[in-house]
Amino acid sequence: MTMAEPKTKYDRQLRIWGDQGQAALEKASICLLNCGPTGSETLKNLVLGGIGSITVIDGSKVELGDLGNNFMVDDSSIGQSKAKCVCAFLQELNDAVKAKFIEEFPETLIASNPSFFSQFTLVVATQLMEDSMIKLDRICREANVMLVFARSYGLTGLVRISVKEHTVIESKPDHFLEDLRLNNPWPELRRFADSIDLNVTDPIAHKHTPYVVILVKMAEEWTKNHSGSLPSTREEKKEFKDLLKAKMIAMDEDNYKEAIEASFKVFGSKGISSELQQIINDSCAEVDSNSSDFWVMVAALKEFISNEGGGEAPLEGTIPDMTSSTELYVNLQTIYQAKAEADFLVIEKHVRNILKKIGRNPDSIKKSTVKSFCKNARKIKICRYRLIEDEYNNPFLPQLQKYLTDEDYSIAMGFYILLRAVDRFAANYNSFPGQFDGLANTIPNLFRRDKLSNLFYIKMYPRGMDEDISRLKTTAVGLLSDLGCNGSTLTEDLINEMCRFGAAELHAVAAFIGGIASQEVIKLITKQFVPMSATYIFNGIDHKSQLLTL
């Protein structure tokens, strides 16, 4: 393989997460537990994306039923190791990925060899029951290994991330206000604005004054006439816009129209956001020799904001396109870039001093990392996840009760409770509700009017289904009671549906859940974009996806 091939191979995704993100993927080692359709689809997406290495753990053999929902096995696979067959298929998709398999049931491995998981960057655990999920979560936390749970069950499924702390520098929000400092210009920007006369008589010069300059000058004029205060009330904001309109000498002055549209950027509060304030006030910002690079840079940021920054984060240094003469635009751009570079150099100095102070090599954090941190300082994010055991045994009760009674969330919450209830059911009765020998556990063998999905299907409940429905209802009510929701119930229709699913992994649902799970894995490994902060529930009946914070 030539050096050019990887970049060509991953060209489209490189545009999303760049060389640094791709390098992180190619260094990552992923462990998959259970390679049914949910696990296989998750891993397929990661293999195609160029993940470094995969290890597939599954102790089962390929059966005839697997051919109907897993595209990574075929007729010749029947009777063979499922892990081996899926691993071979995945290897064919991308020969640059190192792939191996272990014929072992994940539950056995979790119980007998917990240290096994410490070798991986991230574990994707699919179709695990509650007891094994709790054990694996503790193992991965202690080993500092990221963990993603994924499960599909009939027409529902969940995805849940578990990691003690995940920090993101490049959060890449869809919408974020540019850092132009229109209401708090630094000396160089103010001097530049002062050098330009808004009352210039030349119509060409008048219509090519950048809106940044217009707003800086008009904001200053306003504060002089309003005791140093910027527009705050609705009336004042309208008055400020009217002043801008009054400055126009022709209807085709796009720069003034841009100034009016961007005037809200003047009205914003100075300084940093409450979210960033919370981060720099975090106890982790009091760093020591064990602190991560991220927290060392946060400590440097805190010093900068308190001192050189005058309450502001480092400037990003970019400006949007705007109507302007080339000369003024380039000059303006240079001023922003120079300020950003100066802020970066100050923060870099703080970083080196802090590293030295805590006994680490002052050059142990790359210059490029500090620069990226400065550019994204206003957008940094921290994600912390509860142990799944804590969520299961001590959920946020007011939130749980709210979800159960909220019309928009009640079905998602119902599925969440029932996904836990079916595990209790299986522990008590050695099979999942609606799972009977000799019956294909798929949806298309049923036909009646359904209140939830408004679909028709044949009702062909086998002998014993009514008993399972009753048992599952009792189990779910008991679970709700244990969680502190005495008297709460789930709809009969939802319980019936869960039994009708018969623990089937439908390929369409598994592929969807696998897509969500792999997307979250990529976010975690590349440390770009913000991963989901709560338990994701897919409701295939209503085609809805919701996050439950429990």
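Values as computed for the structure displayed
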read-out: Alpha carbon centroid spacing (whole Å) that separates the stretch 180-221 from the stretch 347-419; value: 40
read-out: Shape call, the stretch 292-411: gyration tensor on alpha carbons, a/c limit 1.5; value: oblate
read-out: Solvent-accessible surface ranking, highest first, for Ser273, Ser232 at 1.4 angstrom; value: Ser232, Ser273
read-out: Spin-label model distance (nm) - Glu92 vs His175, 7 Å beyond Cα toward Cβ; value: 4.6
read-out: Viscosity 0.890 mPa s, 25 °C: Kirkwood-radius Stokes-Einstein D of the stretch 83-203 over Cα pairs, µm²/s; value: 125
read-out: Accessible area in square angstrom per residue, the chain, 1.4 angstrom probe; value: 48
read-out: Accessible-area value, Leu404, 1.4 Å probe, nucleic acids and ligands omitted, Å²; value: 30
read-out: Dipole magnitude of the chain about its Cα centre (Cβ charges: Lys, Arg +1; Asp, Glu -1), debye to nearest 20; value: 600
read-out: Translational D in µm²/s for the chain (Stokes-Einstein at 25 °C, 0.890 mPa s, Kirkwood Rh from C-alpha pairs); value: 90
read-out: In Å, descending, principal axis extents of the Cα set of the stretch 465-537; value: 47, 32, 14
read-out: Stretchable slack from Val530 to Thr318, in nm (0.36 nm times residue separation minus alpha-carbon distance); value: 74.1 nm
read-out: Helical segments meeting 24 Å axial Cα length and Kyte-Doolittle 1.0 threshold in the chain (DSSP H); value: 507-526
read-out: Gained length - Thr549 relative to Asn144, 0.36 nm times residue gap less alpha-carbon distance; value: 143.5 nm
read-out: Mean residue ellipticity (222 nm) of the chain, computed from DSSP H runs ≥ 4 via -39,500 (n - 2.57), nearest 500; value: -15000 deg cm²/dmol
read-out: Fraction of accessible area attributable to carbon and sulfur, the stretch 321-416 (%, probe 1.4 Å); value: 48
read-out: Projected-area mean, the stretch 155-297, by convex hull of Cα positions, square nanometres; value: 15.2
read-out: Of Lys27/Lys61; Lys224/Lys265; Lys238/Lys270, those spanning more than 24 Å from alpha-carbon to alpha-carbon; value: Lys27/Lys61
read-out: Point-charge dipole on Cβ atoms (K/R +1, D/E -1) for the stretch 469-524, about Cα centre, debye to 20; value: 60
read-out: Lys270 paired with Gln333, simple spin-label distance in nm, labels 7 Å along Cα-to-beta-carbon; value: 2.9
read-out: Using θ = phi - 60° and Karplus 6.51 cos²θ - 1.76 cosθ + 1.60, couplings along the stretch 99-116 (whole Hz; Gly, Pro as x); value: 10, 9, 9, 9, 7, 7, 6, x, 4, 5, 5, 4, 6, 9, 9, x, 5, 4
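The values are calculated or read from the model by the stated rules, or taken from the named source; none is laboratory data. From a predicted model like this one, the values you see are computed outputs, not experimental measurements. Heads up, the Cβs are rebuilt from the backbone with ideal geometry, glycines too, and the neighbour counts pull from every protein chain shown. Accessible surface is based on the protein model in full, side chains and every heavy atom, while ligands, DNA and RNA are left aside. Shrake-Rupley method; radii C 1.70, N 1.55, O 1.52, S 1.80 Å.
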